[in-house]
Amino acid sequence: MQEPVLSQARWVDRTSVVPLYAQIEAIVRARIASGEWRVDEQIPTETEFCATYDVSRVTVRKALANLTGEGLLSRGRGKGTFVRDARMTAAARSVSSFSAELTNLGMKPGSRVLSMDMVPASDAVAEKMMIEPGTMLWHLRRLRTADDSPIGIQTALILADRCPGLDRLMKDDVSLYEILKTDFGLAPLRAIEVFKVAGVPRSQSALLRVAQGSHAFVVTRVTFEERGAFEYTTSILRGDRYQLSVVLQNSK
């Protein structure tokens, strides 16, 4: 009788051309698909993965970060890693810049740099980005426009060691992602976005040219490249100018 695929996938093959982190990803997928690890169940720790498969912590972290980025796992600092209900994760969209998104909607994108400095990562941001608290981040705040009219305010936190000198390159009406890709080789592969509805705070209503408390989308986004998360962005988008369209389709 042929050995089950799951059993064959329990061990890494060091002679394979497939990277070790990708093999760990496949093992985790297989064990979840088989029902061995169920939704909301905690999976082994990084240390246990390292001991079981004789791989480095860097390899394990990259594999788990990729699976987290896809929505298959959820990770909390000091809490462990858990299986997520994949059915509750929206279908993947392309990871594009806000400028590209507005262009695709037929609008002329624009931006104005409001401030840019460097800050240490708070505990909350460090947990979202899976980095150490205190890691230095660029703190970039911009007013985003569509057809020369305000549409949102974005605050981006970006790993400073991945893009030294970014503050000298950021100017009005330029794409942050284009600079990150062209000057620093940072190409986004995946992102996790969370949309909430809230009122525009008084401190930002004048910039957006709306009344305080007007409806807005508050969007948080963690963006990943091949080495892990590099950006955490919070956007406040005018509810009267921005909308989210999601295509829903039943499986056959």
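Applying the selection to region 58-81, what residues are part of a helix (DSSP H, G or I) and at pLDDT below 75?
Let us first name the residues in region 58-81 that are part of a helix (DSSP H, G or I), namely 58-69.
The one that is part of a helix (DSSP H, G or I) and at pLDDT below 75: G69.
Step by step: first the residues of region 1-57, then only those that are of a type in the set (V, I, T) and in contact with a strand residue (DSSP E or B) (Cβ under 8 Å, 6 or more places away or on another chain), then the one that is modelled with the lowest pLDDT. Which residue is that?
If we filter region 1-57 for residues that are of a type in the set (V, I, T), which is where we start, we get 5, 12, 15, 17-18, 24, 27-28, 32, 39, 43, 45, 47, 52, 55.
Applying the additional criterion that residues be in contact with a strand residue (DSSP E or B) (Cβ under 8 Å, 6 or more places away or on another chain) yields 28, 32, 39, 43, 45.
Numbers: V28: 90, I32: 85, V39: 82, I43: 92, T45: 92.
So the residue we want is V39.
Check whether at least one residue in region 90-98 is at pLDDT 65 or above, among the aromatic types (F, W, Y) and part of a helix (DSSP H, G or I), and report yes or no.
Initially, region 90-98 is screened for residues at pLDDT 65 or above, giving 97-98.
Within this subset, residues satisfying the condition of being among the aromatic types (F, W, Y) are 98.
Restricting the remaining residues to those that are part of a helix (DSSP H, G or I) gives 98.
Yes: region 90-98 contains one or more residues that are at pLDDT 65 or above, among the aromatic types (F, W, Y) and part of a helix (DSSP H, G or I).
Considering only region 170-199, state which residues are free of Cβ contacts under 8 Å to residues at least 60 places away in the same chain and under 15 Å from G152 (Cβ atoms). Give the derivation first.
Keep residues of region 170-199 that are free of Cβ contacts under 8 Å to residues at least 60 places away in the same chain, which gives 170-171, 179-187, 193-199.
Across region 170-199, the qualifying residues are E193, F195, K196, V197, A198, G199.
Hand me the list of strands (runs of 3 or more DSSP E) wholly inside region 102-208 holding 2 or more residues that are under 19 Å from the mean Cα position of the chain (by Cα). Steps first, answer last, please.
Details: elements: 109-120, 136-146, 149-159, 190-199.
Filter on region 102-208 gives 136-146, 149-159, 190-199.
Any residue that is in contact with a Phe, Trp or Tyr (Cβ under 6 Å, 6 or more places away or on another chain) and assigned by TED's automatic domain parsing to the domain that holds S149 - is there at least one of those in region 220-236?
In the first step, residues of region 220-236 are kept if they are in contact with a Phe, Trp or Tyr (Cβ under 6 Å, 6 or more places away or on another chain); the result is 222.
With assigned by TED's automatic domain parsing to the domain that holds S149 added as a condition, the list becomes 222.
Checked region 220-236: at least one residue is in contact with a Phe, Trp or Tyr (Cβ under 6 Å, 6 or more places away or on another chain) and assigned by TED's automatic domain parsing to the domain that holds S149.
Within region 30-45, how many residues are part of a helix (DSSP H, G or I) and buried (at least 16 other Cβ atoms within 10 Å of the Cβ)? Don't jump to the end; show me each part of the working.
First, the residues of region 30-45 that are part of a helix (DSSP H, G or I): 30-33.
Imposing the further condition that a residue be buried (at least 16 other Cβ atoms within 10 Å of the Cβ) reduces the set to 30-32.
Residues flagged as part of a helix (DSSP H, G or I) and buried (at least 16 other Cβ atoms within 10 Å of the Cβ) within region 30-45 amount to 3.
So for region 208-218 (the condition being surrounded by 14 or more Cβ atoms within 10 Å (Cβ to Cβ), under 29 Å from A65 (Cβ atoms) and not aromatic (F, W, Y)), does at least one residue qualify?
First, the residues of region 208-218 that are surrounded by 14 or more Cβ atoms within 10 Å (Cβ to Cβ): 208, 210, 214, 216-218.
Those still in the list that are under 29 Å from A65 (Cβ atoms) too: 217-218.
Still in the running and not aromatic (F, W, Y): 218.
Yes, the conditions are met somewhere in region 208-218.
Could you say which residue among T145, T223 is polar (S, T, N, Q) and free of Cβ contacts under 8 Å to residues at least 40 places away in the same chain?
Values: T223 fails: free of Cβ contacts under 8 Å to residues at least 40 places away in the same chain.
Exactly one of T145, T223 is polar (S, T, N, Q) and free of Cβ contacts under 8 Å to residues at least 40 places away in the same chain, namely T145.
Evaluate the following for M118: is it among the hydrophobic types (A, V, I, L, M, F, W, C) and under 27 Å from P201 (Cβ atoms)? It would help to see each step written out before you state the result.
Details: among the hydrophobic types (A, V, I, L, M, F, W, C): yes; under 27 Å from P201 (Cβ atoms): yes.
Yes: the conditions hold for M118.
The values are calculated or read from the model by the stated rules, or taken from the named source; none is laboratory data. Bear in mind the structure is a predicted one, so any value in this text is a computation, not a measurement. Glycine gets a Cβ as well: all are built from the backbone with ideal geometry, and neighbour counts include every protein chain shown.
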